[in-house]
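The values are calculated or read from the model by the stated rules, or taken from the named source; none is laboratory data. Quick caveat: nothing in here was measured; it's all calculated off a predicted structure. Heads up, the Cβs are rebuilt from the backbone with ideal geometry, glycines too, and the neighbour counts pull from every protein chain shown. Just the protein is used for accessible areas: all its heavy atoms, side chains included, with ligands, DNA and RNA removed. Shrake-Rupley method; radii C 1.70, N 1.55, O 1.52, S 1.80 Å.
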Amino acid sequence: MIYQLKVQLKDIRPPVWRRLLVPSGMTFAELHDVLQKAFDWEDRHLHTFYITKTRGTAKLRIEIGNDGSDGRDGAGYKEHKERLSDWLVEEGDRCLYIYDFGDYWEHELVLEKIMVPQPDAFYPVCLKAVRVAPEEDSMGVGWNPEEIETKELTAIVDAKLASLRKETGKTTWEKVPEEKVKEARATQNNVWRALLEKAVAFKLLAPWQWMDDDEIFLVIDPETNERLYCSVIGALGQEHGMVVYIGEQGYESLRHLFERSYPKEDPVYTQRAVLISFVDRNELSKEDYELLRSQGMTFRGKKQWPQFRSFIPGYYPWTISEEEAKLVTTALDQALDVAQRVKEGELSLPVFPQDVKMFARVGEKMDGTVIWRDDAVLLSELEGEKKTPTYELLVEPKLMKMVKKIGQVCYGSIEFDAGYINKPVQEKRGERPYFPIFVLAVDVNTGFIIHSDMLPLENAEMRVQKSFLDMLLRIGKIPREIRMKKETKQMLAPVLRRLPIRTIEVSRIFAAEHIRRTFEMF
């Protein structure tokens, strides 16, 4: 297939972007070559890719690294092995291409359309090129965005891509048969139908009448080997359903939820889970209702309508993706079995996290069929090895040098905090909103706010480091002492190591919490 990509250079006005047609089977290494020519870069610096949305679901920056340097952090995926079709699957999927870690040019790539290629056509092709990009190593200085018209620039960029078409080759594609299209649509519809049928069966069984939310059980999906931690909710009679905590992130959020009576921050910011609940008709969103109607399902009465919500750290609760729907269907299927056995007294579930084991249902494929078996897993095996997150210096070297030149020392103390704020931001209609990062610095002695910032979720570590250095440049002094929470200190560690600042780790920043709550009220 052929992908229509819109690639826009971020944080620059007026906008600079390209609309390109590329083969879906192209590797990310080949895409790098295309982007270099499309923006007239000279390929003199390192680069990397980050997947930010795949299969309709926002992701936390999965890195596909530059082959020559293994990416910036030792990326888990290599650009010469990964193909666009492995990650950009649905229209609206997107990734980030970063070139030159000094000037830090960020390009946002959005999959706009998936098309059947034209017979005898050559790719890649530039459909439209708007404005020239800044020059290499210029940091945008001296940039003249109006020096060439769009039509002329498009022709120039398309001509530059001509040399790459020889490598892509000439391929004749047959028209996709209509029956294949219908079959694909039917398969997609069956995913949602199966999910809804399992949800209805779960509602009729009503296991919350005899199960508590701390009787956690594990389901291991046979297709993906993903671990799904299931908690039946509704024993208190308020919200009926089940929460499925997904993977390692899900287990961490589950453990924090149960081990801390008063979590340090709202769990909505950190959970990786899907909530299945049964609500009133007026609580459904338009998308919820359209899903039910598309499958010919309707319900009567209070708390009868199935609703599904996806929770991803840093993002606003949202409708679930097809990938999540498949996982939840598997979880519900096994929950029906587990709950029935508990009701009949055949099975007694350990209480989480007091007991050292967790009951598990493990699915294994054998000769094309899935065989399920019972197991017991030690919690110590699920927790794995605790690793302290490590960060590198992500800001421009020039900015770091400017801060290090500050000679004056301030003998006061500053509280510095960076955390989510409950003011969801939706950059484009239809996209999943995210919780921005609220940065705040307060003078401990006077209580005055000396710095505040609201940062996007993308590249949060780099943006927090930059905000911290901007604060120091603005006050023109190096503080003798800074108090911050462990997570913030870890993020700023590469900066703090280069400055003569004493850091004190604290569990809470009360001033920041108060100001954040006040801000959220408006």
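At a glance:
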{"read-out": "Mean ellipticity per residue at 222 nm, deg cm²/dmol - from DSSP H runs of n ≥ 4 across the chain, formula -39500 (n - 2.57)", "value": "-9500 deg cm²/dmol"}
{"read-out": "Shape category assigned to the stretch 358-463 from the gyration tensor of Cα positions, a/c cut at 1.5", "value": "prolate"}
{"read-out": "Out-of-range pairs (alpha-carbon distance over 18 Å; input Lys404/Lys477; Lys6/Lys428; Lys81/Lys160; Lys198/Lys303)", "value": "Lys81/Lys160"}
{"read-out": "Dimensions in Å of the stretch 3-125 - Rg and Dmax from alpha carbons", "value": "13.7, 42"}
{"read-out": "Spatially proximal aspartates and glutamates relative to Lys78 (Cα-Cα < 16 Å; intrachain offsets below 8 disregarded)", "value": "Glu30, Asp33, Glu63, Asp67, Asp70, Asp86"}
{"read-out": "Charge dipole (debye, nearest 20) of the stretch 443-517; +1 at Cβ of Lys and Arg, -1 at Cβ of Asp and Glu", "value": "220"}
{"read-out": "Total charge dipole magnitude, the stretch 348-458, about the Cα centre, Cβ charges on Lys, Arg, Asp, Glu only, Debye to nearest 20", "value": "440"}
{"read-out": "Ordering of 314-322, 112-120 by burial proxy (mean other Cβ atoms within 10 Å per residue, highest first)", "value": "314-322, 112-120"}
{"read-out": "Relative contact order [Cα under 8 Å, 6+ residues apart], the chain, whole percent", "value": "10"}
{"read-out": "Dipole-positive endmost among Met402, Val439, Leu469 within the stretch 347-476 (Cβ charges, Cα centre)", "value": "Met402"}
{"read-out": "Order by protection proxy (mean Cβ within 10 Å, highest first), peptides 363-372, 484-493", "value": "484-493, 363-372"}
{"read-out": "Three-way shape label, the chain, alpha-carbon gyration tensor, a/c 1.5", "value": "oblate"}
{"read-out": "Cα centroid separation - the stretch 270-292 against the stretch 300-375, whole Å", "value": "17"}
{"read-out": "Charge dipole magnitude, Cβ of K and R +1, D and E -1 - the stretch 7-152, Cα centre, debye nearest 20", "value": "640"}
{"read-out": "Highest to lowest packing among 13-25, 448-460, scored as the average C-beta count within 10 Å", "value": "13-25, 448-460"}
{"read-out": "Solvent-accessible area, 1.4 Å probe, carbon plus sulfur percent, for the chain", "value": "49"}
{"read-out": "Greater than 31 Å apart at Cα, pairs in Lys59/Lys489; Lys37/Lys405; Lys203/Lys485; Lys203/Lys486", "value": "Lys37/Lys405; Lys203/Lys485; Lys203/Lys486"}
{"read-out": "The stretch 311-424 - percent relative contact order, Cα under 8 Å, separation 6 or more", "value": "15"}
{"read-out": "Cα gyration tensor, the stretch 227-305 - rounded (a/c under 1.5), prolate or oblate", "value": "prolate"}
